[in-house]
Structures are given as C-alpha cells and as structure tokens.
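Asker: Take a look at this one; I'll ask things after.
The values are calculated or read from the model by the stated rules, or taken from the named source; none is laboratory data. Only a predicted model underlies this, so the values are computations on that prediction, with no experimental measurement involved. Here the Cβ is made from the backbone with ideal geometry for all residues, glycine too, and neighbour counts use every protein chain on show. With ligands, DNA and RNA removed, areas are computed over all heavy atoms of the protein, side chains included. Shrake-Rupley method; radii C 1.70, N 1.55, O 1.52, S 1.80 Å.
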Amino acid sequence: MKLRCASALVWLGLAGVTQAAPPSVSSLLPAGGQRGTEVAVTLQGKPGETVPEAWCDRPGLELVRPEKPGPITIRIAADAQPGLYWLRFSNDEGSAALRPFYVGALPEVLEVEPNDSFRKPQALPSTRVVANGVLAKAEDADVYAVPLSKGQSVVASVAAFGDLGSPMDGVLQILSPAGFVLEQNEDDQGWDPRITFTAPADGTYYVRLFAFPATPDSSIRLAGGADYVYRLTISSGSFPDHVWPPVLPVGESFGLTAFNADGQEFPDKPALSAIQAGPQRVWSEVWDGPAWVVGAAAAPVPETVPDADAPQTLPAIPATVMGRLDRPGDTDRYRVTLVKDRAIEIEAFSRSIGAPLDPVVKIADAAGKVLKELDDLGSNPDPRFDFTAPADGEYEVQITERYGNGGPRGVYVLAIRDLEATARLTVASDNFVISGDKPLEIAVSVERIAGYDGEITVSAVDLPEGVTAEPVVAKPKEASDKKGGRRRGRAGANATDTATLKLVSTRAEAFRGPLMIVGKTAGDEPREFRVDANIKAPDALVPHVWLTVVPVKK
C-alpha cells in the first residue's frame, strides 16, 4: 500500500484498529536518505502495536505501510528538494513528537556492527558517502575505514545533537593506518564535530566516533543509547565550509561561491532560490552538504577591508555587514552616526552560520570609551543586544573573537538595525490532546520584545467541527514605578505574559490534524503573529502544532 507524504495526514494503519496509547517515537534510524532511493526506517521508542499514521510537512516522500509492525519504507522522489523534512506519527490517542528526516544527494549506508575498533572497522564504499548509525550502548565507538591517497583531502562531518536532537556530545577522530590519533574535534558545529583531513601518505585511515552525554552526569565513561543516532558524512568532493556572500537580500535568488575549510574556492557557483529572513541552511545540487547564509531585509554592505587602519563608515542604518576576521587578534570596526535616544539593535552571526568564531561585539563613543559589550547570548555564542545613544555623534561598533582566533573560516555577519518593538508567540509543546468532553487549556507565551505593549488577540483557527475556542486577549504586564503608580514596559526591555486558550469538544468522532494558532492586533495597521512550537530535541521553533480529539463518550 503506497501513501504519499505531502503536507497531509497519511493513513498507515488499519481502519477500525483501537490504539491503547499514543505513539512515542524518540528517533528515526536511519534519520535520512538519498533522493531517488527508498529507505527502511525504524521508529525507535514505542510506536505502538500497529503502524501509526504519518504526516509530513512538505512533498517529496512516499511512505509504504508494512504488512506488520516494523520498519516503514520511505521512498524519496528523485526530484525531492535536499534538506530537512519533519515527520509526525499519530493514532487516535495522540501524537509522537516531530522527528527530523534529512534528504541528501550522496549515497548512504547503514552502520554494521561490530565496528568498535580500528582492527575491525566498517569499510565505506567510497569517499563520498553518508553513514547512518547509532552509538547504541555505553562505551560504544563506531569506526569506519577510508582508503586515501597521499595529498587527498576529505571532510568528516557529524550531524547528531544540533540536527537530530540526539542527546550526545560527539567526539570525532581520524586515525592513522597504525591506529594513532592524527586529528580530533568535538564542537566544530555547535556540539557536533567536523574535521577536514589531508592524508600525509597512501593508506587506509580510520574515522572513529564516540560520545559523552550532552547533559553532563557523574559518569566518566563513553555514553550511548538507542537515541544516540547520527549521520556521518565523508566527502572528498565539494563540501562547503562557508559561502560568499554569507548574507543575501530576502526574497531574491543568487549565485553563491562556496569555499572549503582552507579558503579554497569551489568551481561550481550554483544559483539558490529565494530565501527567508534570518540564518538558515541552503542546499545545492552540486554540493555534498549544506551551507549557511543569513537572509536580511537590508541590503548587504560590501566586505570590510580587514587590514584597514580606519573603521569602515556605514552609509545608513539598517545595515547588514559581511566580513572576516582573517588573522589571529583581528578586530573589524564600523562607524555609525546616531542622534540622541535613537535605539538600535546589534546582532552578530558566526556560530549560527557554521563558522567557528566566538564573536565579541562592543560599541564605543567617539573618544574610544566602550559603552557596551556583549559576548554570548545565554548558551548562544552569537551576541545580540540593544543600545540607546546617550548623545548625538559618531559611534564605533567593533567585532573581534573572544580568544583571538581568526583565519579563512572567520566569517561573520553583523546586523545593525533600529530596535523594533515586536512580539514572539510560542507554545511549549508541538502536540495537544482533547480527551472526551474535558476542556483543553493551551498556554500561549507572549514574549514582548523592546517594550512592545500592544494587546494581542490569540485565536485557534480552522478548528474541526465540534471543537470551539473563544479568543483571548494577551495584555502586557504592568510594573510599579518608584512613585507607586503603574507603567508599561520600557523600550528595550523584554517581558513575557501568557494567554490561555480553552478548547472544548462535543465531537463524537476522532480527529487528528494540524492546529493553527495566531495572534492578531487591532487598529489601523493590524499585525499578525504566528504561534510556533518550542520543541526540545532538536532545540528549535517550528510552526507545526498538532491536535488530537478523542471522541466524547455517549
């Protein structure tokens, strides 16, 4: 039985089968596949005694129901767009959490045990392949054999914690033909490792992967488990380390130049389709992996001259600057003119676009006095802060690296814009269940950015017949001033309030499907805010919220 997964609910189970509990899918193995192929995918966790229903956020995948519970077959269209797909599995009782599934262009293989030692490795079929595996138990290590010629370079890149939500802090090593460690990396891409290696001589080299728990515990041994799923890409082809330009105007298509970790340019310059605002992955037909860019509403400012003695003057704000800290100890400087009380926001992107910098951003007055400095934003190494000019005049924005690092990979994007008062609406889960006639309450968190104080009406739209929810109004919290009065949040301050939707069901039939929640303002210039789900593994905001309605008993 063939079923296409194309932004719709796909029935994989048998009609009339009663489910005792909602499915629980902790990970997929493998967590991706090559387009134009079909992949047998195991739903790890507790998917249930019968195959659940499946939903996918976009077309390109076709699912085949197995004759009995077990791995499902995913057929990937030859023209499927490379990148991330979100899959959801559900039954009449509820839904599993969203799971990521990657579609790539390289051939793929599954890990085959035993491959714990360089003396008994798994031989890879080529130097352009993706190995899908799992560090299934404590003390597990997976080793792959890769024959290389003298001077041949390969990239070994792991996708696990950041892409798949695997609870692992991976460590990647390259071993010599005699088993000695030649290279090691832990956190090149967030907590996921990557190594670019050039063979010093002909021979068979070994790629070894093991992990510690992403959440530290008292153990001092290697970690593993059924959810320690990974994708290891081995590429001797065009695996982009970074692209230029790293920032593109939103909504336009561009040809990009890709570079490897040594700063060498790839000959192919593919055109990419229009992009959205913010940092995001981009894929190409001619690359063996993704690259990162930033979509910006403001036109990019040309690359700074790293060796310039004087700061580069920005013609206007907003401005999005692309640059490189291309030598150790480098500092790039930009001059802006501000009037008193003008509030701006400054944001740097480096780690979030795949570069290894830990950027530090400072703003100084004309006399060189540093007025504000920021390194990390919580756990994010990329800083973002607001600044209000204390007087008319020229100010200097400086960007450097916390530990003085720099080089060909020292790419960054620096955005300077007027501080916008806005809001971000989220819910704490990506799926909800109404059980019978018991009302369901959904708390919508309203984060007010830069003192936004507008009232926002939160509504559930396009609910199934028999399910209703009255809109609720989110109002900004008031704070007491020193005189005992009441005041709204100040400009530049963030505050959070909550609007709780109450869903009531009178349905006699089950329902499963997407749930859309929106926030709207009133007035002459109304605004609409999308409500995203804040999922934990992988850590992301996604617009895919799910509703299950268990029928009211008669």
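Asker: Filter Lys438/Lys502; Lys150/Lys269; Lys438/Lys536; Lys120/Lys150 down to the pairs with a C-alpha to C-alpha distance above 19 Å, please.
Answerer: On the way: Lys438/Lys502 10 Å; Lys150/Lys269 28 Å; Lys438/Lys536 27 Å; Lys120/Lys150 23 Å.
Where the Cα-Cα span goes over 19 Å, the pairs concerned are Lys150/Lys269; Lys438/Lys536; Lys120/Lys150.
Asker: Sticking with this structure for a sec: Between Asp539 and Ala78, how many nm apart are label points set 7 Å from Cα along the C-beta direction?
Answerer: Modelled inter-label distance: 4.2 nm.
Asker: Expressed as a whole percent, how much of the Cα-Cα distance distribution for the stretch 347-464 exceeds 19 Å? Numbers along the way, then the final one.
Answerer: Numbers: 4417 of 6903 pairs.
Considering the stretch 347-464, 64 percent of its Cα-Cα pairs are separated by more than 19 Å.
Asker: Let me ask something additional. Mind listing P(r) for the chain? All alpha-carbon pairs, 10 Å bins, whole percents.
Answerer: 3, 15, 23, 25, 20, 10, 3, 0
Asker: State, to one decimal in nm, how far the label point of Glu373 lies from the label point of Met516, with both points 7 Å from Cα in the Cβ direction.
Answerer: 4.9 nm
Asker: Can I ask one more? Given a 1.4 angstrom probe, I'd like the percentage of the accessible area of the chain that is carbon and sulfur, rounded to a whole number.
Answerer: Numbers: 12820 of 25350 Å².
That share works out to 51 percent.
Asker: Here's something else I'd like to know. Using only alpha carbon pairs under 8 Å that are at least six residues apart, calculate the relative contact order of the chain and give it in whole percent. List each step's numbers first, then the result.
Answerer: Working: 1577 pairs, mean separation 56.2, N = 554.
Once divided by the residue count of the chain, the mean separation gives 10 percent.
Asker: Say R0 is 60 Å: what FRET efficiency, to the nearest 0.05, do Asp116 and Ala366 get from their beta-carbon distance? The partial results should precede the final answer.
Answerer: On the way: r = 62 Å, r/R0 = 1.03.
After rounding to 0.05, the efficiency reads 0.45.
Asker: With a 1.4 Å probe and all protein chains kept in place, how do Glu111, Glu441 rank by accessible area, largest first?
Answerer: Correct descending sequence by accessible area is Glu441, Glu111.
Asker: Then there's this: At 37 °C and 0.692 mPa s, grab the translational diffusion coefficient of the stretch 246-295 from Stokes-Einstein with a Kirkwood Rh over Cα pairs, rounded to a whole number in µm² per second.
Answerer: Roughly 292 µm²/s, to the nearest whole number.
Asker: For the stretch 268-419, just the Cα set please: Rg and Dmax, both in angstrom.
Answerer: Spelled out, the Cα radius of gyration and Dmax of the stretch 268-419 are 15.6, 51 Å.
Asker: Contour minus end-to-end for Gln152 and Glu455, with contour as 0.36 nm per residue of separation and end-to-end as the Cα-Cα distance? Before the final figure, lay out each step's value.
Answerer: Numbers: separation 303, 0.36 × 303 = 109.08 nm, distance 6.06 nm.
Computed gain between Gln152 and Glu455 is 103.0 nm.
Asker: So how far apart, in nm, are the two label points at Glu441 and Leu182 if each is 7 Å from Cα heading toward Cβ?
Answerer: Result for the modelled spin labels: 6.1 nm.
Asker: If you filter the stretch 378-422 for chymotrypsin sites (Phe, Trp or Tyr not before Pro), then keep DSSP loop positions with at most 13 other Cβ within 10 Å, what is left? Walk me through the intermediate numbers first.
Answerer: Working: sites: Phe385, Phe387, Tyr395, Tyr403, Tyr412; in loops: Tyr403.
Taking the stretch 378-422 and a limit of 13 other Cβ atoms within 10 Å, the loop chymotrypsin sites (Phe, Trp or Tyr not before Pro) found are Tyr403.
Asker: Let me ask something else. Around Asn91, under 11 Å between beta carbons, what's the net of Lys plus Arg minus Asp minus Glu among the other residues?
Answerer: Values: positive: Arg512; negative: Glu49, Glu53, Asp92, Glu93.
Surrounding charge for Asn91 is -3.
Asker: Separate question: Taking a probe of 1.4 Å, how large is the accessible area per residue of the chain, in Å²?
Answerer: Working: 25350 Å² over 554 residues.
Value for the chain: 46 Å² per residue.
Asker: Take the Cα atoms of the stretch 140-243, build their convex hull, and give its volume per residue in Å³. Numbers along the way, then the final one.
Answerer: Working: hull volume 10.4 nm³, N = 104.
Looking at the stretch 140-243, the number lands at 100 Å³ per residue.
Asker: Still on this structure, I have one more. How large is log10 of I(q)/I(0) for the stretch 203-260 at q = 0.15, 0.31 Å⁻¹ when the intensity is taken from the Debye formula with one equal scatterer per alpha-carbon?
Answerer: Taking Cα atoms of the stretch 203-260 as identical point scatterers yields -0.78, -1.31.
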